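Scroll down for the structure; my scribbles are underneath it.
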Amino acid sequence: MESPRSLLQPPTYGKLITILSIDGGGIRGIIPATILAFLEAEIQKLDGEEARLADYFDVIAGTSTGGLVTAMLTAPNKKGRPLFAGNEIKDFYLEHCPKIFPQDHFPFSSAKNLVKTLSGPKYDGKYLHQLVKEKLGDTRLNQTLTNVVIPTFDIKRLQPTIFSSYEVKNNSLKNATLADISISTSAAPTYLPAHYFQTKDVLTGKVRDFNLIDGGVAANNPAQVAIGEVTKEITRGSTEFFPIKPNDYGRFLVLSLGTGTAKAEEKFNAQECADWGMLSWLAHDNSTPLIDAFTHASSDMVDFHLSAVFQALHSESNYLRIQDDTLTGDASSVDIATKENLENLVKTGEQLLKKPVSRVNFETGSNENAYEMTNEEAIIKLAGILSREKKLRDTRSPHGRMSKSMP
């Protein structure tokens with residue numbers, strides 16, 4: 001099967017390199033899904049109902065639950081268009097999360113979950129695996145409708161394994177199915193089982209083994225990984241980016257979507273965890289503090305670095321990070337997939353749009369107002385920029401649809 005042709009012309013015909021990044025976070029992926037539905041709706045107001053997010057971003061990157069969303073937005077359906085529209089992702093979470101993360105409703109369920117966490121994954125992953133394979137089929141990495149970057153972690157090699165549309169051009173052994181990639185990047189330790197699969201080079205017969213777990217171990221916020229993949233491609237001299245230079249960060253336009261973190265008052269403190277042993281770090285109050293710590297640290301460090309870089313280049317408006325740090329109770333969990341909690345997370349996403357654009361403050365650990373505009377206003381502005389960029393590329397490119405009508 002040949003790769004379907006993207007409706008977005010290469011950056012060489014435009015002014016920007018557009019990147020969408022989606023964090024990991026289990027069921028909390030419904031928060032960025034709500035924001036993506038709003039963004040796509042705003043683009044459709046400008047360019048018609050058939051417009052899809054994959055038509056506007058040069059790269060869509062996602063980790064864990066964000067990796068699954070990435071695959072859903074970029075995999076082609078039978079008509080060669082994105083398998084899922086932006087407004088369908090939220091409903092996917094509402095329908096399937098309760099079956100991916102089935103909840104126990106009986107006395108002592110917490111004790112049972114603790115025992116399961118110590119003896120094996122909390123969930124067997126069978127429903128998720130079946131669902132992902134059913135939806136994504138045999139579609140491979142080189143067949144996505146725009147470039148994708150999805151981090152995983154190889155537990156045997158103890159190294160990150162990045163599945164990138166750019167790298168697969170030169171390494172056919174990375175050309176795995178989107179189903180295997182999505183299952184792997186979602187395999188959060190203690191929650192879902194690690195995933196093993198093989199790929200084979202049809203020309204040489206060479207086989208590669210993959211022993212993968214959640215990409216959040218390496219990069220829960222994949223925005224910087226996506227920029228790195230583009231930078232490597234520019235360094236290789238790709239004609240898609242000429243005459244852009246590797247250090248030309250001012251050309252990047254990045255939308256980075258978080259999946260939310262717990263409110264400060266609900267986080268742990270040193271006095272509380274000073275005496276914890278392995279059991280408490282792995283399971284405490286319906287959470288896994290050790291995993292929460294490194295995934296949130298990963299996300300915030302990337303945000304901090306990119307904020308500093310874009311500020312230094314006087315291009316701060318080219319980097320939009322949308323994150324909520326006010327989650328409480330079940331909403332801060334990655335797997336409490338009750339109907340009530342999922343619906344509350346949808347409301348959280350809708351409320352987040354009304355909040356001011358913010359940046360993480362490393363001194364306080366809280367998000368602080370960054371601009372005199374709301375996330376909703378910033379998304380509407382972004383939709384306009386994306387629309388204009390696509391039309392500019394269509395006009396300049398000899399393959400663009402608009403150029404055909406030009407004298």
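Every read-out reported here was derived from the displayed coordinates using simple, explicitly stated rules and does not represent laboratory data. These figures come from a predicted structure and were not determined experimentally. Here the Cβ is made from the backbone with ideal geometry for all residues, glycine too, and neighbour counts use every protein chain on show.
How would you rank 23-36, 43-56, highest first, on the average number of other Cβ atoms within 10 Å across their residues?
23-36, 43-56
Over the alpha-carbon set of the chain, divide Rg by the Kirkwood Rh and report the Rg/Rh ratio to two decimals. The partial results should precede the final answer.
Values: Rg = 20.7 Å, Rh = 21.6 Å.
Rounded to two decimals, Rg over Rh is 0.96.
Calculate the radius of gyration of the Cα atoms of region 185-281 to one decimal place, then report Dmax, the largest Cα-Cα distance, as a whole number, both in Å.
20.4, 59
Show the residues, 5+ positions off or on another chain, whose built amide H is closer than 5 Å to the amide H of Asn220.
Distant-sequence amide H within range of Asn220: Ser299.
Given the convex hull over the Cα atoms of region 131-195, what projected area results after averaging over all orientations, in nm²? Spell out each step's value before the answer.
Numbers: hull surface 18.7 nm².
Reported value for the Cα convex hull: 4.7 nm².
Go through 376-388, 304-316 and give me the packing order, highest mean Cβ count within 10 Å leading. Write out the running numbers ahead of the final one.
On the way: 376-388: 18.2, 304-316: 14.9.
Put in order of decreasing packing, that is 376-388, 304-316.
Using modelled backbone amide H atoms (1.01 Å from N, in-plane), which distant-in-sequence or interchain residues come within less than 5 Å of Thr152's amide H?
Here the answer is Thr161, Ile162, Phe163, since their amide H atoms fall under 5 Å of that of Thr152.
Going by amide H atoms built from the backbone, whose H comes under 5 Å of the H on Ile22, apart from near neighbours?
Those lying under 5 Å, H to H, from Ile22 are Ala61, Gly62, Thr63, Leu257.
Short version: ³J(HN,Hα) in whole Hz for each residue of region 13-28, in order, from phi by Karplus 6.51 cos²θ - 1.76 cosθ + 1.60 (θ = phi - 60°), x for Gly and Pro, what are they?
9, x, 10, 10, 10, 9, 10, 10, 10, 10, 5, x, x, x, 4, 5
Please work out the Cα center distance from region 312-339 to region 213-268, rounded to the nearest Å.
Result: 16 Å between the Cα centres.
Over all alpha-carbon pairs of region 170-237, lay out the pair-distance distribution in 10 Å bins, whole %, shortest bin first.
Bin by bin from 0 Å, the calculated values are 18, 38, 36, 7, 0.
For region 319-384, treating each Cα as an identical point scatterer without solvent, what Debye log10 I(q)/I(0) comes out at q = 0.13, 0.17 1/Å?
Treating every Cα as an identical point scatterer, log10 I(q)/I(0) equals -0.43, -0.68.
Please get the size of the charge dipole for region 317-391, origin at its Cα centre, with Cβ charges of +1 on Lys and Arg and -1 on Asp and Glu, quoted in debye to the nearest 20.
Values: 10 positive and 13 negative charges, 108 e Å.
Approximately 520 debye in magnitude.
Hey, if you put +1 on the Cβ of every Lys and Arg and -1 on every Asp and Glu Cβ in the chain, which of Leu7, Phe163, Ser315 ends up farthest toward the positive end of that dipole?
Among Leu7, Phe163, Ser315, the one farthest towards the positive end of the dipole of the chain is Leu7.
Tell me the angle of helix 289-312 to the major Cα principal axis of the chain, expressed in degrees between 0 and 90 and rounded to the nearest ten.
Approximately 30 degrees, to the nearest ten.
What is the mean projected area of the alpha carbon convex hull for region 14-101, to one decimal in square nanometres?
Numbers: hull surface 24.3 nm².
So the mean shadow area of the Cα hull is 6.1 nm².
Beyond a 19 Å Cα-Cα separation, which of these cross-linked pairs lie in this structure: Lys78/Lys135; Lys354/Lys390; Lys79/Lys135? Display every interim value, and only then the final one.
On the way: Lys78/Lys135 12 Å; Lys354/Lys390 27 Å; Lys79/Lys135 15 Å.
Distance filter (> 19 Å) returns Lys354/Lys390.
Count neighbours as other Cβ atoms within 10 Å of each site's Cβ, and list the trypsin sites (Lys or Arg not before Pro) in region 126-170 that are DSSP loop with at most 15 such neighbours. Walk me through the numbers on the way to the answer.
Numbers: sites: Lys126, Lys133, Lys135, Arg140, Lys156, Arg157, Lys169; in loops: Lys156, Arg157.
Loop-located and lightly packed - Lys156, Arg157.
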